[in-house]
1. Only residues that are within 14 Å of the chain's Cα centre (by Cα), in contact (Cβ under 8 Å) with a residue 60 or more places away in the chain and part of a helix (DSSP H, G or I): list them for segment 26-50, please.
2. Run down F98, F129, F92 and say which single residue is of a type outside the set (V, I, T), touching a Lys or Arg at 6+ places or on another chain (Cβ under 8 Å) and in contact (Cβ under 8 Å) with a residue 12 or more places away in the chain.
3. Please identify the pairs in which a residue from segment 103-115 that is basic (K, R) has its Cβ atom under 8 Å from the Cβ atom of a residue that is crowded, with 20+ Cβ neighbours inside 10 Å, counting only partners at least 6 apart or on another chain.
4. Scan segment 59-89 residue by residue and report those that are of a type in the set (D, E, K, R), within 19 Å of W42 (Cα to Cα) and out of contact with any strand residue (DSSP E or B) (no Cβ under 7 Å at 6 or more places or on another chain).
5. Of all the residues that make up segment 86-123, how many are closer than 18 Å to S141 by Cα and of a type in the set (V, I, T)?
6. Say whether the condition of being at pLDDT below 95, open to solvent by 20 Å² or more (accessible area, probe 1.4 Å), of a type in the set (G, A, S) and under 22 Å from T57 (Cβ atoms) is met by at least one residue in segment 136-156.
7. Inside segment 95-123, can you point out the residues that are within 22 Å of P52 (Cα to Cα) and surrounded by fewer than 16 Cβ atoms within 10 Å (Cβ to Cβ)?
8. Keeping to segment 57-70, report how many residues are at pLDDT 95 or above and either under 15 Å from the mean Cα position of the chain (by Cα) or open to solvent by less than 20 Å² (accessible area, probe 1.4 Å) (or both).
Amino acid sequence: SWTALRAPRTPSTTAESQRRQPTIMIKYSTSITINADRATIWGVLSDVVHWPEWTPTVAKVEALDRPEPGLHNRYKVYQPKLRPVTWTVSEFTSSSSFTWESRMPGLLMVAEHALRPLGPNRTETTLTFSFQGPLGAIIGSIYGNISRAYVETEAESLKKRVEGAQERHRGAVHT
């Protein structure tokens with residue numbers, strides 16, 4: 001679901017508080033349970049340069065630093081109906097989560113990717129996308145429908161990719 005939140009601000013002076021407007025954040029998050037262990041899902045999710053192979057929401061990814069995931073790595077992502085955007089990994093926990101950000105004047109876009117084990121071969125995957133900054137609410141409302149659809153499609157596509165690969169592997173073992 002979409003959420004509009006006002007980020008708390010603590011201005012240092014009264015004059016500053018009159019000049020500053022609260023930041024609006026538009027955020028969308030989806031969670032899906034994938035029938036696989038965290039390591040298997042991480043192998044697909046963190047291999048961002050190969051996302052175009054399994055999700056229709058990404059046409060191309062260029063690694064601007066190293067292709068393997070890591071803190072501060074940058075990737076240029078090309079998506080249908082959108083301009084290419086350069087994302088920088090701002091948080092990274094191996095085999096568990098990564099967050100990347102893209103900044104433009106007045107706008108910060110943040111995409112979070114997190115895995116949480118639910119039991120043997122069951123993992124909750126959460127994808128979150130937010131628009132922040134002075135232009136966050138405006139850009140978020142303009143691109144909200146496509147962003148929501150892309151996040152949902154990416155979660156479903158990841159599930160199909162991982163679970164489909166496991167089914168193919170099981171079928172190959174039994175034949």
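1. W42, V44, L45
2. On the way: F98 fails: touching a Lys or Arg at 6+ places or on another chain (Cβ under 8 Å); F92 fails: touching a Lys or Arg at 6+ places or on another chain (Cβ under 8 Å).
Going through F98, F129, F92 in turn, just one is of a type outside the set (V, I, T), touching a Lys or Arg at 6+ places or on another chain (Cβ under 8 Å) and in contact (Cβ under 8 Å) with a residue 12 or more places away in the chain: F129.
3. Qualifying pairs under 8 Å: R103/M109.
4. Correct list: R66, E68.
5. Counting residues in segment 86-123 that are closer than 18 Å to S141 by Cα and of a type in the set (V, I, T) gives 1.
6. yes
7. In the first step, residues of segment 95-123 are kept if they are within 22 Å of P52 (Cα to Cα); the result is 95-102, 109-115.
S95, S96 - these are the residues of segment 95-123 that are within 22 Å of P52 (Cα to Cα) and surrounded by fewer than 16 Cβ atoms within 10 Å (Cβ to Cβ).
8. Taking segment 57-70 and keeping what is at pLDDT 95 or above, we get 57-65.
Going one step further and asking which of them are either under 15 Å from the mean Cα position of the chain (by Cα) or open to solvent by less than 20 Å² (accessible area, probe 1.4 Å) (or both), we end up with 57-58, 61.
Of the residues in that region, 3 qualify.
The values are calculated or read from the model by the stated rules, or taken from the named source; none is laboratory data. Everything quoted here is computed from the prediction, not taken from an experiment. Glycine also receives a Cβ, built like all others from the backbone with ideal geometry; neighbour counts cover every protein chain displayed. With ligands, DNA and RNA removed, areas are computed over all heavy atoms of the protein, side chains included. Shrake-Rupley method; radii C 1.70, N 1.55, O 1.52, S 1.80 Å.
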